[in-house]
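Below: the structure, in C-alpha cells.
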Amino acid sequence: MRITVNGTDYPVPDDVRVSLLDMLRERSGLTGSKLGCNQGACGACTVLLDGERVLSCLTLAVQAAGREVRTIEGVAAAEGELHPLQQAFIDHDGFQCGYCTPGQICSALGMLEEFRRGDPSHVTADLAGGQARFSHEEIRERMSGNLCRCGAHNGIVAAILQFADAGAGE
Amino acid sequence: MTPFSYRVATSTTEALAAAPDSSERFLGGGTNLVDLLRQNVEQADALVDVSRLPASIDETEDGGLWVGAAVRNTALAADPRIGARYPMLSRALLSGASAQIRNMATVGGNLLQRTRCAYFYDVPGARCNKRVSGAGCDAIGGFTRYHAILGASEQCAATHPSDMCVALMALDTVVHLDDGNEKRRLPLSEFYRLPGNTPHFETELRTGELVTGIQIPSCRAAVNSTYRKVRDRSSYAFALVSVAAAMRVENGVIADIRLALGGVAPRPWRAAKAEAALAGRAPSQEAFRNAADAELADARALGGNAFKIPLARSTIAAVLGELAGDAA
Amino acid sequence: MSKLQNAIVGGVRRVLGQVPAGWLPGGTPDPLIQRRVSLGTQQPRIDGPDKVRGGARFAAEVPMDGLLYTALVHATIARGRIAELDTGAAEAAPGVALVMTHRNAPKLAVPPPIGMTSMKAAGNNILPIMQDPEIRWNGQTVALILAESQEEADHAATLVQVRYETERARTRFEEAKADARTPDSILIEKNRLLKGNAEAALTAAAHRTDAVYRTPWYNHNPIEPHAATVLWKDGRLIVHDATQMLNGTAGSLAKVFGLKDDQVHVSSPFVGGGFGGKALWDHQILAAAAAKLAKRPVRIVLRRSSMYRLIGGRAETEQRVALAADARGKLTALLHHGYSVKPLHSVCDEQYGLTGRSLYACESFDIVQHHLDLDVVANTFMRGPGEAVGTFAIESAIDELAHDIGMDPVALRLRNLPDRDPVSGAPHSQSDPAKAWQMGADQFGWNRWERRSTRREGEWRLGLGCATGTFPYARMPGMSVRITVDDEGRATVASAAHEMGMGTATVQRQHAADRLGLPLERVDVRIGDTSLPFATMAGGSSQTASLGAAITAASSKLAGELVRLAGNDTPLAGLRANDLEFAEGGLRCVGDPSRQESFASILRRAGRRQISVEGESSAPLEMLKFAMHSTSAIFCELRVSEATGEVRVTRLVGAFDCGRILNPKTAASQFRGGMIMGLGMALTEETLLDPRNGRIMSASLTDYHVPVHLDLPEIDVLWTDIPDPRAPMGARGIGEIGITGVAAAVANAVFNATGKRVRDLPITLDKLL
C-alpha cells in the first residue's frame, strides 16, 4: 500500500507511529504542512484526505494508506500558477508570518466543499434548512479550528469570501 | 509513544478476530487516542484500526436511528434526520472541537473520549488516580476550573469532555457492544461509571469489547431540543458547562422533558432530578430555576470550579426558557 | 541598571536639551517625507507567493543528511537537585544516538543577557545550562535525547528515570513581595519618579480613584514552535534558527561555546511568529551541544508543552493606580506602584511603570516598580512589554475616574493631553492623540451613543468602552545594511534583519526604491542571515526605523562613491554628495535636473559591474532630546450574556498616531494583529502556574486559549498619518502599539454593559456571573 500525495505515491513508513504530518515533513520533503502543536489544537497541519480536511498530526501515516492526500503543495496549478484562493490570501493580506497559512488555505478549501454539500455549522440557525447562508459568521465558526497568532483573521475571512463569491459567479 | 503494531479491520469479525490482549486498542479517528499515546498517558502494543468499518445511519423499527460506531461526527451532525428529529444532537456535535477533528472523529471514539484534566495529561509532572490507580490526585488542590461539581469523588473530579454524549444521554441512547463471543446492549446511563474509588475505570466496556454502534430511540420531545455550550472562547474549546435539553409542552404543562449536562461531572450527566421536578408542571422561569436547584442541590465545588454551580443554574434556565418559548 | 546609568542618561539628556535639533539625527526632517513614490502605497508582501504555497522555508524545514532528532526531559520540581538519574533504558532504546545530561554535556558558558550595551547578546534565561545537578525551575531540561527519528527520540525520553531532592521553592507572588527588589532604573529611566506631592494631591482631590489591577502570566504562542536545525562543520557552528535576534543569537552562541564571532553562522529567513519570544533560550544551546557530542547534525523542535517550560512569557503584574482630579477633570496626581515577577536570572523589566509618564499632563507623579524573584523560567519581552499591561491599569483607572466625575471618558482624556513630555518637559517630536481620538470616535460613532442607558438584546447586555494605547519610538544604533547597485541599474539591499510577518523586506524595498529613485521592481531586499551586514534585533518596534536610518546612511555613502567613480567626464562633475539626490535610476543635481547620470551609465563607464557600500544607523540621540511616543484611541463594543457571563466583542476600532504609514496593507495587519492579541489578553489568555510546585498547568493550546476566528469581529483601523520629522521616513514603529489599550477598552466596555469593574485579567465569564 502507498500513500498518494498530490498525485505522487509515497511509501508507508515502516514505523507505524509516524504521523501523516511527520511523514510529509520529515520523510517526503513536503514541508508546506506545518507542525504547530502536534496535538490537534491549532490546525496548522490541516491537509485534505480524500477531499476532507483533517489534522495530519493526529492521523497516523499508515491510516492514509491507499488514500489521496492533498497538501498545500498540491493546491497551486501544476504549472505554478497560484490557486485563486492563494491569490486572494495575498490580495487581502490574510497572513503575516505565513506559518499557519497553508493550514488555513487547505482548511478553507475543505470548508467550502462542506458548505457546498450543505453541512451545517454550530452557528447555522436552521439545521434542516439546507445550505446555510454564507456569511462572515459562518466562515469564522467553520475556520475556528485554525489558529492564527499574527491576527490575520479579518484578511483570511475576506480572502475566503472573495474566492467563494468569484466561484459563485462562474 | 511505545512501539506498536497496526492492522486494519474491514469488518467487525475481523476487528475481533485476533484474541485481543489487554493492551490491544481499537483506533477510530485517533483524535484522542493518538494524542494520549503520544503524551504517554496511554500505551498500546497493538492498534486495530476500526475507522474503516461500515458506517451507516439506519432507521430502526421503533422509529429511532441506528448509528454505526465508525460514522464520523461530521456525517452524523449533517444527517438531515438528526437535524430534524434530534437537533440537540446535531448542535452538540457541531459545538465540539473543530471541523477537521469532527471529520476524523468517530461516534465510537467520541463515546470513549478521556478527560482533558491537565493533571491527567501531565504524565511526568503530576499524580493522577486515573492514570495510576492509587497514585493520588494533584488536580484537587490545584487548578479545578474545568472540574466536576457533580458525581466526583475524593480520588477524581475530572470531567467527561464529550458534547455528543451529553445529547445522547438525554436521548436514552443505547450502546451496542461486541467482544466476539457476546453481543450486549447497555443504556448510556449504565455504560459510564462514576469515579468513586476506581477512577481508572470509566465505562463498563470489557477488555477486548468493541463499540459497534448506538441506538437512539424515537423521541417526540427531541424535535424541540437544543444544546448550549458555555466555554472560555466562542469556539474550539471544551465546555465549562453545557446543557442538552428537549421539551414537549401539551395543554400548558410539560409532557416530556429531557435534560443532560456536560462539563460538570465525570460522565455526561443526566439531570434526572430536574426532569422530575419539571414533569407535569407548567413551564415558567421559576419552575426552571427550581428544577436546576433540585439538580444542583448535591453539587460540590472544589474552589476553582465554584462558579459552575450558578453558571449551570442560569444556563439550564436559559435553555429551558428558549425551548418553552411563549409557553413560559 | 544602576545609579551610574541613571546619572549618565540624565546627563546626556541635559546636554541634548541645549543642542540645536539640526545637529542631531533627524534634526532635519527626512526629505523622503515629502517625496514619497512607493512609500505610502499598498504593496502586497514580496514573500506572499512563497508563504501561500508553503514554500517559505522555516527553521525546522532545512533538509540535511544524517539528521538526528531531539526530545527533552524536563524537571518536575521547582528547586532542588537531581539525586538519581538513570539513562540506561533510554540509551538502549532503538534509534538512540545520545542521551545528554549534566554528566556528559560539554562545558557551556552562561549565555550573555540581552542588553542595552551589547547587540551581540540575546540570552533570556541567564543560568547555567546542564552544567550541574541543580534544578532552578520546574521545566528545566534535565536530559536531551538524540535519535534517528522523532518517534524514537520521544519514546526514549519517556524512559529516563529521575529522582529529585526537593528544596523549598519560591513560587507564590504574594509571598515574594516580602523580598521585593526595587531597582534603580527601569530600562534607561530612573525607576522611582516623584514629582510634586502626589500623596497630598490625592488627599485633597475633588475626585479620585485608587484601585489594584492584576494581569497574569501570558505566553507568546507563535504558531511555529521554537526550532533549530544545527550543524557543526569544520569547527564552525551553523544554526538554522527561528529568531528575532540573528546577530544576538550568533554572538551569544559564540560566547557559550567559546568561539569567535565569525565561527557562528545563524540563518533565519522566515520566523513563524515571534512577538518577543524568539531570541536565545536553552534549546538552541542544548541542540548545538548535543550536535557537537554526537558529531551529527541535529534538529530540535520544541513540543508545545516544552515551549511553556523553556520559553518565558509576559510577567505577572499587580499594579496600584491612584488618580486625583479637580472638579473639572484636570489630573492633579498620578500614582502608579506595582509588583511584577522578574527573577534574578531574567533580563526583562516589564516596564509598566513607564506608561503613565507620557500619557497625561499632571501636577504630580509618584511611580515605582518592584521586582519579585520566583523560581520560574525567566520572564521576557512580549508584544508591548510594559505598555500592554500598564495601559490596562491606567486606562481602566481613567475610566473609573470619568465615571466618578460623571464625565465622558474621551473628554476626560482630551482635557489632560500633554503639550510636552509631562515629566522631562522635552518637546514632542510629533504627537496628535486628539486627532486619533476624533478619528476613532467618528468611525465608531462614539458620540451617537447614549452610553449610560442600559441597552440589551434578549439576554445580552451591550456595552461600549474606550482606552488609550501608547508605545515609545525606538531606533537602534548599529543596524547596518549593504546597498549594491549594478550596471543594469538594479539595487540590492542586504541586512541580517528579520521577517516574522511584519513585512520587513516588502516595506524596506519600498523605502530603498524611493531613497534611490528607483522603481520598486528594480530593488531587491535580502535579509535573515548573519552572512549579511550586522543587524540589531527585531524588538521594541525598532526594526523599521533602524533599517530606515541604515539605508539612509548607506545611500549617502553610495552617492559619494558614485560621484567619485563618475569622475570628471560626467554631468555630475564637480558636485559633492550634498548637492546630489537620487532620481530616475541615478544621481542628479539638486535644483538642476539637467545634470543627471544613471547608475548603469556611471558603472559601465567606470568598467564596474557593481558597487557596494555599507551604512550604519547612528546613535539615536533624537530619542533623548524629544519625547517620541505613538498613541492610539481604541473603541470597543461588546455584549455580555446575563445568563452565562460570556463576552462577545462585536466591534473594535483603533485610530493610531504613529507618524507616517509606509505600507497601508501591512500596517493595517500589524495594527489588527496587535489588537487581536489584546483581545486575547483581555478575555481568554492566561498561563497557569501551580504554586504548589511551580509547574505550568496550561502547557497546551487546548488549555491556553488564544482567540479563534469566531471570537473576532471586523476590526477597523485608521491612522493620522502625520509624519514625525525626527524619525527616518517620518515613521515610528507600529508592531507593538496595537496590543496596548485594548484590554482596558474591553474592561471599560464590560463595565458599561454590566456595572461590574473587573480589575484582574483575563475577564473570564466567572467574573461576570
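Here are a few things to note about the model shown:
Every residue, every condition in (1) closer than 13 Å to A:Ser121 by Cα; (2) part of a loop (DSSP other than H, G, I, E, B); (3) of a type in the set (A, V, I, L, M, F, W, C), yes or no:
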| site | (1), (2), (3) |
| --- | --- |
| B:Arg52 | no, yes, no |
| B:Ala55 | no, yes, yes |
| B:Ala77 | yes, no, yes |
| B:Gly83 | yes, no, no |
| B:Arg91 | yes, no, no |
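- Flag for B:Arg81 being surrounded by fewer than 21 Cβ atoms within 10 Å (Cβ to Cβ), within 14 Å of chain A (Cβ to nearest Cβ) and among the charged types (D, E, K, R): yes
- Neighbours by Cβ (under 7 Å, 6+ apart or cross-chain): first from the stretch B:43-60, more than 16 Å from B:Gly28 (Cβ to Cβ); second among the charged types (D, E, K, R) and modelled with pLDDT under 95: B:Asp45/B:Glu24
Per-residue answers, yes or no, for (1) over 30 Å from C:Pro269 (Cβ atoms); (2) touching a residue at least 40 places away in the same chain (Cβ under 8 Å):
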residue	(1), (2)
C:Arg448	yes, no
C:Gly469	yes, yes
C:Gly478	no, yes
C:His498	no, yes
C:Met502	no, yes
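- Scan the stretch C:679-712 for residues that are in contact with a Phe, Trp or Tyr (Cβ under 6 Å, 6 or more places away or on another chain), among the hydroxyl-bearing types (Ser, Thr, Tyr) and either part of a loop (DSSP other than H, G, I, E, B) or facing another protein chain (nearest Cβ under 7 Å) (or both) and the total you get is 1.
- Residue selected from the stretch C:603-637 under the condition of a type in the set (Lys, Arg) and not in a loop (DSSP other than H, G, I, E, B), by the criterion farthest from the chain's Cα centre (by Cα): C:Arg605
- Test result for A:Gly130, surrounded by fewer than 24 Cβ atoms within 10 Å (Cβ to Cβ), within 11 Å of chain B (Cβ to nearest Cβ), in a loop (DSSP other than H, G, I, E, B) and not aromatic (Phe, Trp, Tyr): yes
- Close pairs from the stretch C:258-273: first away from every other protein chain (no Cβ under 14 Å), partner assigned to a loop (DSSP other than H, G, I, E, B), Cβ under 6 Å, at least 6 apart: C:His265/C:Thr530; C:Val266/C:Thr530
- In summary, strands (runs of 3 or more DSSP E) completely within the stretch A:1-85 and bearing 1 or more residues that are within 11 Å of chain C (Cβ to nearest Cβ) and β-branched (Val, Ile, Thr) occur at A:46-49.
- Residue within the stretch C:189-207 that is acidic (Asp, Glu), at pLDDT 95 or above and closer than 24 Å to C:Leu401 by Cβ present: yes
- Of all residues in the stretch B:68-78, those being more than 23 Å from B:Phe238 (Cβ to Cβ) and more than 13 Å from every other protein chain (Cβ to nearest Cβ) number 1.
- Residue-level check: of (1) in contact with an Asp or Glu (Cβ under 9 Å, 6 or more places away or on another chain); (2) of a type in the set (A, V, I, L, M, F, W, C); (3) under 30 Å from B:Leu323 (Cβ atoms); (4) within 11 Å of another protein chain (Cβ to nearest Cβ), B:Phe143 misses just (3).
- Scope the stretch C:57-87; condition surrounded by fewer than 20 Cβ atoms within 10 Å (Cβ to Cβ) and assigned to a strand (DSSP E or B); matching residues: C:Gly80, C:Arg81, C:Ala83, C:Glu84, C:Leu85, C:Asp86
- Check on C:Ala744, among the aliphatic types (A, V, I, L, M), buried (at least 23 other Cβ atoms within 10 Å of the Cβ) and assigned to a loop (DSSP other than H, G, I, E, B): no
- Some residue of the stretch C:495-504 being over 18 Å from C:Gln670 (Cα atoms) and away from chain A (no Cβ under 14 Å): yes
- Of the strands (runs of 3 or more DSSP E) lying entirely inside the stretch C:455-499, those carrying at least 1 residues that are among the acidic types (Asp, Glu) are C:455-457, C:480-486.
- Residue count for the stretch B:1-35, restricted to those that are among the aliphatic types (A, V, I, L, M), surrounded by fewer than 21 Cβ atoms within 10 Å (Cβ to Cβ) and outside any loop (DSSP other than H, G, I, E, B): 1.
- Looking only at residues in the stretch B:255-272 that are closer than 14 Å to B:Leu320 by Cβ, crowded, with 24+ Cβ neighbours inside 10 Å and away from every other protein chain (no Cβ under 14 Å), the one that is farthest from the chain's Cα centre (by Cα) is B:Ile257.
- Residue in the stretch C:656-664 that is out of contact with any Leu (no Cβ under 7 Å at 6 or more places or on another chain), outside any loop (DSSP other than H, G, I, E, B) and within 14 Å of chain A (Cβ to nearest Cβ) present: yes
- Tabulated pairs, the stretch C:330-353, first assigned by TED's automatic domain parsing to the domain that holds C:Phe392, second surrounded by 22 or more Cβ atoms within 10 Å (Cβ to Cβ), C-beta under 8 angstrom, 6+ apart or interchain: none
- Within the stretch C:636-647, residues that are within 9 Å of chain B (Cβ to nearest Cβ) have Cβ atoms under 7 Å from residues that are outside any strand (DSSP E or B) and of a type in the set (D, E, K, R) in these pairs: C:Ser641/C:Glu459; C:Glu642/C:Glu459; C:Ala643/C:Glu459; C:Gly645/C:Asp766, counting only partners at least 6 apart in sequence or on another chain.
- Test: residue in the stretch C:719-734 that is within 14 Å of chain A (Cβ to nearest Cβ) and either buried (at least 24 other Cβ atoms within 10 Å of the Cβ) or in a loop (DSSP other than H, G, I, E, B) (or both): yes
- Taking the numbered list (1) buried (at least 22 other Cβ atoms within 10 Å of the Cβ); (2) away from chain A (no Cβ under 14 Å); (3) more than 28 Å from the chain's Cα centre (by Cα) in turn, C:Leu39 passes all entries but (3).
- Of the residues examined, C:Leu652 is one that is touching a residue at least 40 places away in the same chain (Cβ under 8 Å) and assigned to a strand (DSSP E or B).
- Within the stretch B:184-230, the only residue that satisfies the criterion of being without any contact (Cβ under 8 Å) to a residue 12 or more places away in the chain and more than 17 Å from the chain's Cα centre (by Cα) is B:Arg184.
- Residues (surrounded by fewer than 24 Cβ atoms within 10 Å (Cβ to Cβ) and part of a loop (DSSP other than H, G, I, E, B)) located in the stretch C:747-761: C:Gly755, C:Lys756, C:Arg757, C:Val758, C:Arg759
- Filtered residues of the stretch C:177-236 (kept if touching a Ser or Thr at 6+ places or on another chain (Cβ under 7 Å) and among the β-branched types (Val, Ile, Thr)): C:Thr215
- Test: residue in the stretch C:145-160 that is β-branched (Val, Ile, Thr), more than 14 Å from chain A (Cβ to nearest Cβ) and surrounded by fewer than 20 Cβ atoms within 10 Å (Cβ to Cβ): no
The values are calculated or read from the model by the stated rules, or taken from the named source; none is laboratory data. As the structure is a computational prediction, the values presented were derived from the model and not from experiment. Using ideal geometry, Cβ is built from the backbone for each residue, glycine included, and neighbour counts are taken over all protein chains shown.
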